[in-house]
Amino acid sequence: SGSIVLDVNELGEGTEIMSAGLHLMDNPYGVIELRNGEQENDSVLVMAVHGYESKGYEWITGLKNFAEHYGSVFFFRYDWERCPDKIALDLSAEIQRMSKRGDYKKILLFGHSYGGMVLTFAASSLDDLPAEIHVIAAPLSGFPNLLDECGSLDYDDQDKLKYPQWDKSVKLIQHKTVHAQDGAFRDLATDPQEIELPFYKIQDLPPTMDGHRLGHNWSVTWVLDQHIGKPHR
């Protein structure tokens, strides 16, 4: 398909997680396929979408575990200087194209932080694809100064972002970090994860994981591993 393919076994773990993250992010914009050896595609299309100024490391553990579990795992690299609604159009076009090409029964999307905003905008342009969207530690109501140049965005009377409506075939699950534990949000007076949307489910993440603070970046590992049944304390 001419897309970039990365073998997850090339990505180190443990102490090498930072360089593995940079290796992941050091790809051109677009879709990167994550392979585990010669695994064939299966019936689920999995797409992971990083956050603003991501260094990639927060995805490594979860994506390596995912690549053992699913045969069609992809990572979407984008330019975070662009507005989330515009990035969302590119992403949904990619997903539409991929879903027509592959024989997928379900589309599974994971977006962290700014990437969660991107996915919430993309939800409405997935039409009636059977999609499950997991939005992780995402400032869905908006983030101070981040979107100042984005003139196409709408806000409600409480100054929270407005998103276009999505089809009932799309399930949107919000995974919220504890406001005070999240390094990206804790200095803000109000939690930017608070917003009224037709969520299928809201999951409040615990304050700790494996004895450490569960903050903005570790939330990705928690949610991805929970999804495939790899538990953390």
Study note, to complete from the structure: Pairing a residue in segment 156-183 that is closer than 29 Å to Met209 by Cα with any residue that is open to solvent by 50 Å² or more (accessible area, probe 1.4 Å) and in a strand (DSSP E or B), where Cβ atoms lie under 6 Å and the two sit 6 or more apart in sequence or on different chains, gives Ile173/Lys201; Gln174/Ile202; Lys176/Asp204; Gln181/Arg213
Review point. Has segment 80-99 got any residue that is over 15 Å from the mean Cα position of the chain (by Cα), surrounded by 15 or more Cβ atoms within 10 Å (Cβ to Cβ) and among the small types (Gly, Ala, Ser)?
Key: yes
Point to revise | Matching entry among Ala189, Ala180, Ala184 (being farther than 29 Å from Asp127 by Cβ, among the small types (Gly, Ala, Ser) and open to solvent by 80 Å² or more (accessible area, probe 1.4 Å)) | key: Ala189
Check your understanding: Out of all the residues in segment 203-231, which are open to solvent by 90 Å² or more (accessible area, probe 1.4 Å) and free of Cβ contacts under 8 Å to residues at least 40 places away in the same chain?
Key -> Asp204, His212, Arg213, Pro231
Review point. Given the structure, is Tyr70 within 18 Å of the chain's Cα centre (by Cα), open to solvent by 20 Å² or more (accessible area, probe 1.4 Å), among the aromatic types (Phe, Trp, Tyr) and at pLDDT below 95?
Key: yes
Point to revise | Residue under evaluation Phe199, criteria (1) open to solvent by 40 Å² or more (accessible area, probe 1.4 Å); (2) of a type outside the set (S, T, N, Q); (3) closer than 30 Å to Lys64 by Cα, criterion not met | key: (1)
Revision key, fill the gap. All conditions in (1) part of a loop (DSSP other than H, G, I, E, B); (2) modelled with pLDDT of 95 or more; (3) open to solvent by less than 70 Å² (accessible area, probe 1.4 Å); (4) farther than 17 Å from Tyr52 by Cα are true of Glu132 except (1)
Study note, to complete from the structure: Picking from Ser72, Ser92, Ser125, the residue that is free of Cβ contacts under 8 Å to residues at least 40 places away in the same chain and in contact with an Asp or Glu (Cβ under 7 Å, 6 or more places away or on another chain) would be Ser72
Check your understanding: Which one is surrounded by the most Cβ atoms within 10 Å (Cβ to Cβ), of the residues in segment 44-62 that are in contact with a strand residue (DSSP E or B) (Cβ under 7 Å, 6 or more places away or on another chain) and outside any helix (DSSP H, G or I)?
Key -> Val49
Review point. For segment 165-174, does any single residue satisfy the condition of being open to solvent by 60 Å² or more (accessible area, probe 1.4 Å), part of a loop (DSSP other than H, G, I, E, B) and at pLDDT 95 or above?
Key: yes
Review point. Does Ile202 satisfy the criteria of being of a type in the set (Val, Ile, Thr) and part of a loop (DSSP other than H, G, I, E, B)?
Key: no
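The values are calculated or read from the model by the stated rules, or taken from the named source; none is laboratory data. Being a predicted model, the structure only gives us computed values, none of them experimental. Please note: Cβ atoms are built from the backbone with ideal geometry, for glycine as well, and neighbour counts cover all protein chains shown. We work out accessible area using only protein heavy atoms, side chains counted, and drop any ligands, DNA or RNA first. Shrake-Rupley method; radii C 1.70, N 1.55, O 1.52, S 1.80 Å.
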